[in-house]
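First up is the structure itself, then whatever we jot down about it.
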Amino acid sequence: MRIERDEQGNCVLDPTALGQRFSISPDELRRRMRLGLVTSRVEVGEGEHAGLRRLTVWCGAEVWRAVIDADDQILTEEVGGEPALSRSCVGPHRPSEASRRGPRTIVDAAAGE
């Protein structure tokens with residue numbers, strides 16, 4: 001998967017490639033995004049993880065995570081969750097407080113939280 005940046009520096013993911021990660025079509029991914037069923041977060045590494053970012057995308061009960069370097073190249077990625085649940089999800093995923101905090105060496109890109 002290729003990761004690009006928009007004018008504001010936000011990560012932009014290809015819907016075809018991301019849809020494949022969730023085993024859905026790009027059109028279905030866009031539909032779920034319009035309904036608010038897809039959420040995402042970018043975390044910026046500090047200390048020994050400086051220069052890295054962790055991208056997390058939730059689609060229902062499924063989650064895709066990738067760690068990218070300063071050149072936006074994917075170093076690691078994983079998909080988890082229960083696919084059957086994500087297909088029947090009726091509301092957006094709300095990460096738990098613990099998952100929002102993440103590891104101590106990673107901070108939320110929206111600094112100040």
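Residues that are small (Gly, Ala, Ser) and in a loop (DSSP other than H, G, I, E, B) within the range 38-52 comprise Ala50, Gly51, listed in sequence order. The set of residues from the range 8-37 being assigned to a strand (DSSP E or B) and in contact (Cβ under 8 Å) with a residue 40 or more places away in the chain comprises Cys11, Leu13. Taking the range 53-69 as the range and being surrounded by 18 or more Cβ atoms within 10 Å (Cβ to Cβ) and assigned to a loop (DSSP other than H, G, I, E, B) as the test, only Gly60 passes.
Filter the range 20-30 down to the residues that are buried (at least 19 other Cβ atoms within 10 Å of the Cβ) and over 15 Å from Gly81 (Cα atoms) and list them by number. Give the steps one after another, and end with the answer.
Just the residues of the range 20-30 that are buried (at least 19 other Cβ atoms within 10 Å of the Cβ), to begin with: 21-22, 24, 29.
Matches in the range 20-30: Leu29 only.
Read-outs throughout are calculated quantities, based only on the coordinates presented, and are distinct from any laboratory measurement. For clarity, every value in this text was computed on a predicted model and none was experimentally measured. No Cβ is skipped: glycine too gets one built from the backbone with ideal geometry, and neighbour counts run over all protein chains shown.
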